[in-house]
Amino acid sequence: MKVRETTLPGVGKKFSISLQSGDELVIIVHTAGEREIFLFRRGAEEPCAEIELTDTEAREVALILGGAAYEPTPLHQAELVLRGLVLDWLTVSPELPLASHSIAELQIRKRTGISVIAIRRGEKIIPNPDPSERIEIGDLLLLVGTGEQMRRFQETFRVLQRK
């Protein structure tokens, strides 16, 4: 997969993604937050599909695609090769010292370098939670950081390694 980024002066950024199928996905992120998505079939000059999303809609779709709403495989970590980042999903159990504390109280980022980028609480998804957000038993946290930061998070908060 090849991703090309182009600045569109006065508009925003354009991301062109060459898909394994030979098709091309083009995403335009406007400075005001709207997104346009175009699908070009292999060799086509005109898109076969076009989708417009508001900023809020795009963020919800990103959570779904990123795995915050549904984890389709038994894998608990996904290495983002180009960025050297790890995404990890963690369900908060009563044994963990996270429940009933806010993200700020726990100083997660300061102590480990990990960022909590979303919380799924039942059917509700909290994207980019405020530091004052309290973590509850049963919450599914979407965490992002480097492999070393993830190990530090696991050690700091006594999270058992999953097989």
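Derivation of every value follows stated rules applied to the coordinates shown; laboratory data play no part. Because the structure is predicted, anything quoted here is derived from the model rather than measured. Cβ sites come from the backbone with ideal geometry, for glycine too, and all protein chains shown count toward neighbours.
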Discussion item. If exposed means no more than 16 neighbouring beta carbons inside 10 Å and the site is in a DSSP loop, what's the longest run of the chain without any exposed GluC sites (Glu not before Pro)?
Written reply: 46-94
Item to complete: Give the cross-link partners of K14 among the aspartates and glutamates, using a straight C-alpha distance below 13 Å as the criterion and excluding same-chain residues fewer than 8 apart.
Response: E5, E24, E34, E36
Worksheet item: Working out 0.36 nm times the residue gap between E133 and A32, then minus their Cα-Cα distance, what length gain in nm do you get to one decimal?
Response: 33.7 nm
Response to the item:
For segment 5-10, in residue order, the Karplus 3J(HN,Hα) values (coefficients 6.51, -1.76, 1.60; θ = phi - 60°; whole Hz; Gly and Pro = x) are 10, 10, 7, 10, x, x
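Where a ≥ b ≥ c are the square roots of the eigenvalues of the C-alpha gyration tensor, would you call segment 107-163 rounded, which needs a/c under 1.5, or, failing that, prolate if a/b is larger than b/c, or oblate? Intermediate values should be presented prior to the final figure.
Details: a/c = 1.94, a/b = 1.46, b/c = 1.34.
Prolate is the answer for segment 107-163, as a/c is 1.5 or above and a/b outweighs b/c.
What share of Cα pairs, in percent, lie more than 18 angstrom apart in the chain?
Cα-Cα pairs of the chain separated by over 18 Å account for 67 percent.
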